[in-house]
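To start, the structure itself, in structure tokens.
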Amino acid sequence: MTCPNCGHDVLRAPFCVRCGEPLENRDSPYPIEGRGYAAAPGEHRFAPRVVSSLFPHLPRAGMDTFRLLLGLGIALIASLALAGLFPVALIVAAVLVPLLVLFYFVEVDLYEDEPLRVLVLTAVWGSASGVGVGFLADAVRSGNATLVSQTTGHAVLWQGILIPLIGLALVLAGPVALLPYRKFNDVLDGVTFGAASAVTFAGAELLTHSSTFLAAGLQPAGLVTPWTLRLLTLGFAVPILAAASVGSATGALWLRYRAPQADRGKLALLGHPLFAVVLAAVLLVSGALVQLYLGRWAALAALVGLDVLALLWLRQLIHLGLLEEAAEIEVGPPRRCPNCGRETPWHSFCAYCGVSLRALPKSGRPHQRHGRARLLAGFSAGLAILVAIAVGVMAAVEPAPARSPCTAGQACTNPPRVPASGAPGRRAHANERTWKSSLGVQLRYDAARWRVASSNDRRLELTHTNDLLALVVDAASSSGTTAEQLLADKVDSLRGRYPDLEVDSGNQPASAAIGSVQGLGEAFSGHDIDGRPVEALIEAASAGGVSVVVATWVTQQAHTSRNGIATPFDALVSADALLETFRWPFELSTPASRIGR
Ligand SMILES: [Zn+2]
Ligand SMILES: [Zn+2]
């Protein structure tokens, strides 16, 4: 019969062997109307499926196996995070998708007879540049990045924009070096090389960038829910976005420079390399920015939204590329289709299932029997070996636990009080400043040791010049709110910055005081977005109709105190010394100030 789409005389079958057009829809093995996705004709082109977009060479049975592996990997990340083993979960998150890509390479003989060249220019190049960019990200990180908000100009410029752009440029360089080889001239080769380079880059960058966190022990403090969301973001949403956007960009390069000369006009924007690289950059920068600006739930949801867009783009590109590549050759002798297992005349598409024959394992062999069990065993073994090595290294570098000088069950003394600068009667030091609120409270600080981040009538934000410590004082007229309530509100607001902040039961202060007034105090530990540890002490007290909340946080790692103070975070002593200078309204109603009025 004559195909209505390409006009060639072809075998009467469900699909045209030359162009893949469905000829007799009633015989089609799929429930979908019209033309399906060329690499997996049982799926719609506009369905954002992960495995058939990122691993298009797999036959149907292989795709099912890879879906299973991806699902099991995600379940493993979630269970490790729920068990509190955040560093182990982070390692699984970093290696899961890259390992899947390597197994995919082997499964479909992607590199034909040139495994070394392909691996070096994709996976090895990707991981090496990931390590390099991880170090760069650490080097350009400002000294007080953990103390201040992650959306300061410096952090947004580097973490949100420059690092993703530098990463994209590096990740594209390896696959582009493979572009001149005629052997790799399918659009799917370009897509796969780009995706492999991108995911190995992302995994290596994550591990390098998280080295501080990984060196801090196997079960660090922190709330489980924010960590689980963050690890699913890092293990699934981020690598899928990287693979789909970089794969689309390299696929566009292949379409432009590898597609048959005559067909280039039809490619329009999808095959325009400049458009594709710019779109990939926009997607990657958006992915980095949503992680900086949004909370954990919203960031994961936004990244999944970006994943959907990138996957849809990649699918259209693959689909178009496979249609463009339909060869102008004579129909060959029948062979067994690895996708559906039926004998089909060998051309560009299977006559019975409609899959593009280029979107199948290069050796043309069908999915092996026991293939699933073999892959599952191999993948689990690979994952287990990588995690075992990483855990071994972590255990070797794990610091000894910090010991408190207090014995359990015994009241502990407060940190030693450093004499307050500017004691009554003393002349004010040249660097001494006083913050005054109209509520009648005031605090003196040494401007040489404390930098004012912001200051108004009710609020004073200071960072210590050694960059280990930040302190915020909030004053309000106490109208019915209890100190407990103030403290809880402050913890909630601090969790906007450190979402996993959790009560640090091992390091609670024995007592809390703001100036001369006793109040409530509680210690918390958590991490910033890069997994750097933060210890926070929040104190609240009320007197004379004024409530004051003081939040102090340090970026020190807990360590055994050498000078006998009752906290493994001795930077907190500076905060204690500062709070000694706090004055309440009743303390300021001295004769001198009355005369001054
Ligand atoms: Zn046709
Ligand atoms: Zn088939």
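The values are calculated or read from the model by the stated rules, or taken from the named source; none is laboratory data. This one's a predicted model, so the numbers in the text were calculated from it and none came from an experiment. Here Cβ is always computed from backbone atoms with ideal geometry, including for glycine, and neighbour counts include all displayed protein chains. Keep in mind that these areas ignore ligands, DNA and RNA; they rest on the heavy atoms of the full protein, side chains included. Shrake-Rupley method; radii C 1.70, N 1.55, O 1.52, S 1.80 Å.
Cα gyration tensor of the range 167-212, axes a ≥ b ≥ c as square roots of the eigenvalues: rounded (a/c below 1.5), prolate (a/b > b/c) or oblate? Working shown, then result.
Working: a/c = 4.06, a/b = 2.77, b/c = 1.47.
It is prolate, given that a/c is not under 1.5 and a/b is the larger ratio.
Taking a ≥ b ≥ c as the square roots of the Cα gyration tensor eigenvalues, with a/c under 1.5 meaning rounded and otherwise prolate when a/b beats b/c, else oblate, which class fits the range 432-595?
On the way: a/c = 1.74, a/b = 1.49, b/c = 1.17.
In terms of gyration-tensor shape, prolate.
Using Stokes-Einstein with the Kirkwood hydrodynamic radius over Cα pairs, what translational diffusion coefficient do you get for the range 295-388 at 37 °C and a viscosity of 0.692 mPa s, in µm²/s rounded to a whole number? Kindly include the intermediate steps, with their values, before the conclusion.
On the way: Rh = 16.8 Å.
Estimated diffusion coefficient is 196 µm²/s.
Using 7 Å Cα-to-Cβ label points, what is the LEU116/LEU309 separation (nm, one decimal)?
4.3 nm
With a probe of 1.4 Å, find how much accessible area the chain has per residue, and write the answer as a whole number in Å². List each step's numbers first, then the result.
Details: 25190 Å² over 597 residues.
Computed with neighbouring chains in place, this is 42 Å² per residue.
If you add up the charges near HIS527, with Lys and Arg at +1 and Asp and Glu at -1, over every other residue whose beta carbon is less than 14 angstrom from its beta carbon, what do you get? Intermediate results must be reported in sequence, preceding the final value.
On the way: positive: ARG230, ARG296, ARG495, ARG497, ARG532; negative: ASP500, GLU502, ASP504, ASP528, ASP530, GLU535.
For residues surrounding HIS527, the net value is -1.
Just how many pairs of Lys in the chain have C-alpha atoms closer than 30 Å, counting pairs that are eight or more places apart or on different chains? Can you show the working numbers first?
Numbers: LYS183/LYS266; LYS183/LYS362; LYS266/LYS362; LYS436/LYS490.
For the chain, the number of qualifying lysine pairs is 4.
Using a probe of 1.4 angstrom, how much of the accessible area of the chain is carbon and sulfur, in percent?
On the way: 15200 of 25190 Å².
Reported share for carbon and sulfur atoms: 60 percent.
What's the extension gain from VAL452 to VAL282 if we count 0.36 nm per residue and subtract their Cα-Cα distance?
Values: separation 170, 0.36 × 170 = 61.20 nm, distance 3.58 nm.
Gain in length upon complete extension: 57.6 nm.
Using mean Cβ contacts within 10 Å as the protection proxy, how do 178-185, 250-257 order, highest first?
On the way: 178-185: 14.5, 250-257: 25.2.
Highest-to-lowest ranking by the protection proxy: 250-257, 178-185.
To the nearest 20 debye, what charge dipole does the chain have about its Cα centre, counting +1 at the Cβ of each Lys and Arg and -1 at the Cβ of each Asp and Glu?
Details: 47 positive and 45 negative charges, 74 e Å.
The dipole of the chain has a size of about 360 debye.
Evaluate the charge dipole of the range 432-595 about its Cα centre and quote only its size in Debye, nearest 20, assuming +1 on the Cβ of each Lys and Arg and -1 on the Cβ of each Asp and Glu.
On the way: 14 positive and 21 negative charges, 132 e Å.
Rounded to the nearest 20 debye, it is 640 debye.
For the chain, what value does the Rg/Rh ratio take when both radii are computed over Cα atoms and Rh is the Kirkwood radius, given to two decimals? Mind showing how you got there, number by number?
On the way: Rg = 30.7 Å, Rh = 27.3 Å.
Radius of gyration over Kirkwood radius for the chain works out to 1.12.
Return the calculated 222 nm mean residue ellipticity for the chain, to the nearest 500 deg cm²/dmol, obtained by summing -39500 (n - 2.57) across DSSP H runs with n ≥ 4 and dividing by the residue count.
Result for the chain, helices only: -13500 deg cm²/dmol.
Roughly how tilted is helix 163-176, in degrees to the nearest 10 and between 0 and 90, from the longest Cα axis of the chain?
It works out to around 20 degrees.
Find which of LEU306, SER525, VAL124 sits farthest along the positive direction of the dipole of the chain, computed with +1 on the beta-carbon of Lys and Arg, -1 on that of Asp and Glu, about the Cα centre.
Of the listed residues, the answer is LEU306.
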